[in-house]
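In what follows, a structure is listed as structure tokens, so that the remarks can point back to it.
The values are calculated or read from the model by the stated rules, or taken from the named source; none is laboratory data. As the structure is a prediction and not an experimental result, all values here were calculated from the model. We place every Cβ from the backbone using ideal geometry, glycine too, and count neighbours over all the protein chains shown. For accessibility, only protein heavy atoms count, side chains too; no ligands or nucleic acids. Shrake-Rupley method; radii C 1.70, N 1.55, O 1.52, S 1.80 Å.
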Amino acid sequence: MLKQEAGKSNRDLPALRITGANSKNRKHRKSFIALLLIAALVLTSATAQETNNSKPEQEATSAITPKVINIWPGVAPGSEQWKQKETTLGSGPMQRIVNVTTPTLTAYLPDPAKATGTGVIIAPGGGFIFLGTDTHEIAEWLAARGIAGFILKYRTAPLEGENEAQLNQSGGARFGAQLNNHALIAEDGKYGIADGIQSIKVVRAHAAELSVSPDRIVFMGFSAGGMITEYTAVQPDASARPNYAAPIYGAPFPDVPPIPKGVPPIFMEMAQDDNLAGPQIVAFYDAVKAAGYKPEFHIYEHGGHGWSMRKQGTTSDHWIDEFYWWLEAHGLTHPIK
């Protein structure tokens, strides 16, 4: 068990309990719904089936034992009355999680001999309805290179249902409602954003125990997790922002938030054929640039939305290498001298 650091309020920071892990317009709405359901039910399958060749250090990653960390000292604020039961749907590459009520971080810590002191918090996608589990591969990939990976299991929108079919139906209905009313995305996402901000506080407060530097915390997110990333980077409390932010095919909805002073370096990626969030991603980039910052933005010719570690024969297949090179350019791939 990691102990609470002296001087930290139990209201905000728990004593870390660690255990072994057992993670557009109207005419296009129908196609958007189909894309979202594909993301939920198909892309995770393709990811697992097609990424074996993307793990050159598989032998090293297999020895990493993940640890689970509760990020709130009790019930997460705002969900005290939630009664839904967290449920894992599907199995293997189709696995996804719904009705998350207890947010956690799953830590993939590198071999101390290789540790760089850099930590990346990773928020998966799923429209704030479900959480995919394919991001664990990304954490393993980073840990094999000396970078700690922390998978954020954040709270998701409550779904009704007693079995997988009912929960899938409820989730699909919620996706459709979000697409008809983007304000619902913000409503469903506010809990994940709060969990994202809290996760930064926890990792930073316990940096020494987690073998990371408090000023080398990167927040990365995919799709809905990318929206969380963007909001952590521009939130009013500068002390709780990440040191670096990497929203991957993620966009803020319904509107781009105000861009304050002190925004951390930002790395962004999307594909030109992302019909789900592309325009809003560009709008966020434009807003950050107009505020005087210089975000790095990679726009791939093809790739669609939700590629993660999936190989498609496009340049987006190499997104994680581009991300690693960006970390390298900022001095984050080697230990502090």
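Points worth noting:
- Only listed residue being at pLDDT below 95 and hydrophobic (A, V, I, L, M, F, W, C), chosen from Leu152, Leu184, Leu179, Leu167: Leu179
- Considered as a group, the residues in segment 293-326 that are at pLDDT 95 or above and in contact with a Lys or Arg (Cβ under 9 Å, 6 or more places away or on another chain) include one that is nearest to Thr118 (Cα to Cα), and that residue is Tyr324.
- Taking each residue of segment 61-89 that is of a type in the set (Asp, Glu) and looking for partners that are at pLDDT 95 or above with beta-carbon atoms closer than 6 Å, six or more apart or interchain, yields Glu86/Asn99; Glu86/Val100; Glu86/Thr101.
- Given (1) at pLDDT below 95; (2) in contact with a Leu (Cβ under 7 Å, 6 or more places away or on another chain), number of the condition Thr333 does not satisfy: (1)
- Of all residues in segment 224-264 being open to solvent by less than 30 Å² (accessible area, probe 1.4 Å) and polar (S, T, N, Q), the one that is farthest from the chain's Cα centre (by Cα): Gln235
- Candidate set from segment 66-119 (those that are at positive phi and assigned to a loop (DSSP other than H, G, I, E, B)); member that is surrounded by the fewest Cβ atoms within 10 Å (Cβ to Cβ): Gly78
- Filter result (crowded, with 18+ Cβ neighbours inside 10 Å and either of a type in the set (A, V, I, L, M) or under 21 Å from Ile200 (Cα atoms) (or both)) within segment 265-294: Pro265, Ile266, Phe267, Met268, Met270, Ala271, Leu276, Ala277, Ile281, Ala287, Val288
- Checking Gly126, Gly146, Gly171, Gly192 one by one, the residue that is surrounded by fewer than 24 Cβ atoms within 10 Å (Cβ to Cβ) and not aliphatic (A, V, I, L, M) is Gly146 and no other.
- Ala63 vs. criteria out of contact with any Leu (no Cβ under 7 Å at 6 or more places or on another chain), at pLDDT 95 or above, among the small types (Gly, Ala, Ser) and in a loop (DSSP other than H, G, I, E, B): no
- Only one of the numbered conditions (1) crowded, with 17+ Cβ neighbours inside 10 Å; (2) within 19 Å of the chain's Cα centre (by Cα) is not met by Asp321, and that is (1).
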